[in-house]
Amino acid sequence: MRAMREPWEHRSVETNGLRLHCVTAGEGPLVVLLHGFPEFWYSWRHQIPALARAGFRVVAPDLRGYNESDKPEGVEAYRITSVVDDVAGLVRAFGAERAAIVGHDWGGAAAYAFAMLRPELTDRLAVLNCPHPAPFSRALNDGDLEQLRRSWYMFFFQLPDAPEALLSAHDFRFLRVFAYANARKGTFTPRDLKRFVEAFSKPGALTAAVNWYRAMFRHGLPPAREYPKIAAPALVIWGTRDHFLGTGLTRGMRRYFAGPFTLRYLPGVSHWVQQEAPARVNALLLRFLRERAAGRGLKAR
C-alpha cells in the first residue's frame, strides 16, 4: 500500500551562514510561518495546506537550533537579531521582495522584531499568543506578580544543565506534560507528541531551544519606550486560556503600531491556538492575508 503524499515539500535553505530546514507549499505571495517553543515546523501542519490552497507560497522553517536546522553553539547565537537575519535571508532565498510574517510564541517574538528591524521586507504581520515585547518587558521589569508566576520556567531555564536534564527525563515526559497538558483534549494525538519528542531528541536541539531564553535574559529586553512602532498592517490572535501568557499583556497594544492593527480573542482556547482551533485561526489569517494581497494587486484565491 502506497503512503499518502504529504501536502508540502521539504528543502534546505542557506541563510545567514546557517542551513535551515523548511517545509514549503503553494505558489503566490510569500507567507513565512515561525514556530515557537517547544515546537518545530510541524506546529503549522493545519495552516500550511490551507494557506497554500488559498493561493499563497508558504514557507515554514525549523528555526535555528530546532529539529533539522543547524544548531550553532553558545547562548550568543540565539539573540533575536540573529533570527531576524535568518528570516530576511529566507525571504530573499524564495525570491520575494516582501513577505507576510506569521509567528506563534517565540516565533511571534521573532515576527515582532522582524517587522521593527526589517520593515522594508514586511508586507503584513500576524502574531499568535505572543505579546509585543514592550508590555512583556514592562511586566517583567515592574514585577507583575501574575505574569512572573506564569513565567517561572523562563527563570529556571537560566540555570546551566538543569533545564535540559528535567525536560528530557523519562522520555521527555516533563516536556510533554509541561507544554501540552493545558491544551483541549484531542488537540495533540500520540503521533503528534511523538514527533515533537523526536525533534527534541536530536543532538543539541534541547540546549539550543533553551538558549533562546538564556539569550533573552542575558542580553535583556529594552525599555518599552525604545521599541519603534510597527508600520506593517498587523493582526494579533489570542487564545484567552493561555497558562503561560496572561491576557493582560494584550491591553493597550495599539500604541505600538503605526499601521492598521486588529486584535482578535479566541475565548477558551489555550496557548497552542493554531493547533487547538485551526479552523478559526485559518479563517482569520486568510481574511487578513487576502486583504493585503488584493490591495497590492497580487493573486491569491
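The values are calculated or read from the model by the stated rules, or taken from the named source; none is laboratory data. Being a predicted model, the structure only gives us computed values, none of them experimental. Note that we place each Cβ from the backbone using ideal geometry, even for glycine, and neighbour counts take in every protein chain shown.
I'd like the residue in the stretch 247-270 that is of a type in the set (Gly, Ala, Ser) and out of contact with any Lys or Arg (no Cβ under 6 Å at 6 or more places or on another chain) and, out of all such residues, is farthest from Met116 (Cα to Cα).
So in the stretch 247-270, the residues of a type in the set (Gly, Ala, Ser) come out as 248, 252, 258-259, 268, 270.
Still in the list and also out of contact with any Lys or Arg (no Cβ under 6 Å at 6 or more places or on another chain): 248, 252, 259.
Numbers: Gly248: 22, Gly252: 18, Gly259: 12 Å.
Here the residue is Gly248.
Taking the residues in the stretch 215-253 that are assigned to a loop (DSSP other than H, G, I, E, B) and of a type in the set (Phe, Trp, Tyr) as candidates, determine which candidate is modelled with the highest pLDDT.
Filtering the stretch 215-253 for residues assigned to a loop (DSSP other than H, G, I, E, B) gives 220-223, 227-229, 231-233, 242-246, 251-252.
Filter again for of a type in the set (Phe, Trp, Tyr), leaving 227, 244.
Working: Tyr227: 87, Phe244: 95.
Of everything passing the filter in the stretch 215-253, Phe244 is modelled with the highest pLDDT.
State which residue is farthest from Tyr66 (Cα to Cα) when the search covers only the stretch 16-29 and only residues that are surrounded by 22 or more Cβ atoms within 10 Å (Cβ to Cβ) and in contact (Cβ under 8 Å) with a residue 60 or more places away in the chain. Can you show your working first?
Quick first cut of the stretch 16-29, residues surrounded by 22 or more Cβ atoms within 10 Å (Cβ to Cβ) only: 20, 22-23, 26, 29.
Narrowing the set further to residues that are in contact (Cβ under 8 Å) with a residue 60 or more places away in the chain leaves 20, 22, 29.
On the way: Leu20: 9, Cys22: 11, Pro29: 26 Å.
Filtering first and then ranking leaves Pro29.
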For Thr187, are the conditions met, namely being over 27 Å from Ala134 (Cα atoms), of a type in the set (Ser, Thr, Tyr) and either touching a helix residue (DSSP H, G or I) at 6+ places or on another chain (Cβ under 6 Å) or loosely packed, with under 15 Cβ neighbours inside 10 Å (or both)?
yes
Return the residues of the stretch 119-170 that are surrounded by 12 or more Cβ atoms within 10 Å (Cβ to Cβ) and either at positive phi or basic (Lys, Arg) (or both); say none if nothing qualifies.
Arg124, Asn129, Arg138, Arg150
Checking Leu206 against (1) assigned to a helix (DSSP H, G or I); (2) within 14 Å of Phe136 (Cα to Cα), only one condition comes out false. Which one?
(2)
Top-ranked residue in the stretch 87-109 [being outside any helix (DSSP H, G or I) and out of contact with any Leu (no Cβ under 6 Å at 6 or more places or on another chain); ranked as farthest from Gly65 (Cα to Cα)]:
Glu97
Can Trp212 be described as in contact (Cβ under 8 Å) with a residue 60 or more places away in the chain, closer than 24 Å to Ser151 by Cβ, part of a helix (DSSP H, G or I) and out of contact with any Asp or Glu (no Cβ under 9 Å at 6 or more places or on another chain)?
yes
